[in-house]
Structure formats: C-alpha cells, structure tokens
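Take a look at the structure set out below.
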Amino acid sequence: MSTPQLSVVVPVFNEQDNVAPLVGEIVSALRGKADFEIVYVDDHSRDATLATLQRLRADVPELRVLRHGVQSGQSTAIRNGVKAARGAWIATLDGDGQNDPADIPKLLDERARTDGNVKLFAGWRVHRQDSGSKRWASKLANAIRARMLRDDTPDTGCGIKLFERAAFLDLPYFDHMHRYLPALMQRAGWTTVSVPVHHRARSTGVSKYNNLNRALVGIADLRGVGWLIRRARVTAVEELP
C-alpha cells in the first residue's frame, strides 16, 4: 500500500445520516487530484454511525475507521486520527457536513503558493449558515480570543483546516485544543494563513454544543493558552560540523 500525500481526518459523534454523503463528497473532491486517505474517528457514537462507516469501507478503499472505547471529545478524536494518519499533511473536516470538502483542493493550492514556514491553513467561514444567536456568539468569542491571543485569525472555530502532521503532533495537547490551532502553531514559531471557505447549514442531526457551554469552557481555555504563549521560548538550533 502506497503512502498517501494527504490524510483527511473527520471526527464524528452520532452523525449516522451525514456519514455517507460526506464521504462521497470527499472522494469526489480528491480522487484523481491527490493521493489521499480518509480517517474517520467515531467518538463512541450511540447511533448507527459506526455501522454505516463499516459498510462504506467495502466501496471506498481510501476509508479507514477508528473508534474510541469511551466518548472523549473532538480534540481527542482529531489527535488520535492524526496520530493514526499516514499522510505528511492533514486536512480536517467537521462530521456534520457543514464544511465543504470541495474546499480542500483550494487549501492545497494555497499551500503550493506559500513558503515552507506556513504549517497551517485555516478555513475562514466568510458567510456562515448558522442561526443568528450562534453567529453572534461566535463573533464575540473570536473578538475576545483575538484580543487576548493576538493570533491574527478571524475564525478559529472553522472545522476545515490543512496542516503539517509533524507540526501538529509537536503542539501541547489538551481538551478543546482544536479551537486554538493558529495560536498554538504561532507559539511554536510557525506561520498560519486564513483562507475563505464555504459554509453550509446542517441538513440533518443536531449540534453537540450550545452557546453557554462553549462560553464556559472557552474562558478557562483562553487563560490556559495565554499562559502557554507567555511561557513559550522558540530558539533557532544549529548543528555544528
């Protein structure tokens, strides 16, 4: 089996009706354009998500399926998917179908135009298809985060991202870290770029978050990431002959 250039990592929890359409879109967007694999990580779903993924494997040779023994959250699912991935670069998508896989080639094209110091290409949902309250809450959270972390990123909550696997695995790991990848990459000395992408309304299933629990968790996370940034030391290292 050849090593893929790209691994598409998708964390899912109770998304039985979104799995097959999204897998089909990923295949349509990438087959013939890149050597890729799809790594789904089922976060111990209680519906037919896992059974659907297992059936799809017969028709989609690029698909791999991982399952958590206990529900562990989105950041853990992403990290375990990245650890299992074989590609040197990772694209992530939310499992609810609101990210458009057709944007992955756009991120790959952006990578081809930049220098090697850019390790993260973050999706930027310019026209969000969410409720008014969710858009307002996200706008406020992004403003607070930008003021505290100065990460020069308009939208860190977008699930579609492209990043180097090795750089990601070198970052400090904690729950909810996926919401702070630009700041964490910059802390490690790398450059990040935001790329406008499409955003779609959820067609089926229900959101796993609400505005209140996002806000409560986000306060603690912001303080922690701010502490990590203040304590960071990035030093050039040269091996002597």
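If you check D151, D115, D100, D94 for being among the charged types (D, E, K, R), over 19 Å from E37 (Cα atoms), modelled with pLDDT of 85 or more and surrounded by 13 or more Cβ atoms within 10 Å (Cβ to Cβ), only one passes: D151.
Would you call T49 modelled with pLDDT of 95 or more, hydroxyl-bearing (S, T, Y) and more than 18 Å from the chain's Cα centre (by Cα)? Yes: the conditions hold for T49.
When restricted to residues that are over 24 Å from N80 (Cβ atoms), outside any loop (DSSP other than H, G, I, E, B) and either within 13 Å of the chain's Cα centre (by Cα) or not basic (K, R) (or both), segment 91-129 contains 7.
Among the residues of segment 162-181, are any part of a loop (DSSP other than H, G, I, E, B) and buried (at least 24 other Cβ atoms within 10 Å of the Cβ)? Break it down into steps so the answer makes sense when it comes.
Narrowing segment 162-181 to residues part of a loop (DSSP other than H, G, I, E, B): 170-176.
Then drop every residue that is not buried (at least 24 other Cβ atoms within 10 Å of the Cβ), which leaves none.
No: zero hits.
All conditions but one from (1) surrounded by fewer than 16 Cβ atoms within 10 Å (Cβ to Cβ); (2) among the aliphatic types (A, V, I, L, M); (3) more than 19 Å from the chain's Cα centre (by Cα) apply to A84; the one that does not is (3). For segment 27-41, the condition holds for no residue, the condition being that it is under 19 Å from the mean Cα position of the chain (by Cα) and at positive phi. Taken as a whole, segment 47-69 holds at least one residue that is over 27 Å from A166 (Cβ atoms) and hydroxyl-bearing (S, T, Y). Comparison of T3, T92 shows that the only residue that is in contact with a Pro (Cβ under 9 Å, 6 or more places away or on another chain) and within 29 Å of P172 (Cβ to Cβ) is T92.
Any chance you could count how many residues in segment 9-62 are of a type in the set (F, W, Y) and within 30 Å of A112 (Cα to Cα)?
We begin by selecting, within segment 9-62, every residue of a type in the set (F, W, Y); these are 13, 36, 40.
Applying the additional criterion that residues be within 30 Å of A112 (Cα to Cα) yields 36, 40.
Total meeting the criteria: 2.
Hey, among R67, R86, R55, which residue is without any contact (Cβ under 8 Å) to a residue 12 or more places away in the chain and either of a type outside the set (D, E) or on the phi > 0 side of the Ramachandran plot (or both)? I'd like the intermediate steps shown before the answer.
Working: R67 fails: without any contact (Cβ under 8 Å) to a residue 12 or more places away in the chain; R86 fails: without any contact (Cβ under 8 Å) to a residue 12 or more places away in the chain.
Just a single option satisfies the conditions, and that option is R55.
Taking segment 13-26 as the range and being crowded, with 18+ Cβ neighbours inside 10 Å and more than 10 Å from T52 (Cβ to Cβ) as the test, the residues that pass are F13, N14, L22, I26. Just checking, does segment 48-68 include any residue being small (G, A, S), touching a helix residue (DSSP H, G or I) at 6+ places or on another chain (Cβ under 7 Å) and surrounded by fewer than 20 Cβ atoms within 10 Å (Cβ to Cβ)? No, every residue in segment 48-68 fails to be small (G, A, S), touching a helix residue (DSSP H, G or I) at 6+ places or on another chain (Cβ under 7 Å) and surrounded by fewer than 20 Cβ atoms within 10 Å (Cβ to Cβ).
Given the condition touching a residue at least 60 places away in the same chain (Cβ under 8 Å) and on the phi > 0 side of the Ramachandran plot, answer yes or no: does some residue in segment 92-107 qualify?
yes
The values are calculated or read from the model by the stated rules, or taken from the named source; none is laboratory data. All values derive from a computational prediction rather than experimental measurement. All Cβ positions, glycine included, derive from the backbone under ideal geometry; neighbour counts span all protein chains shown.
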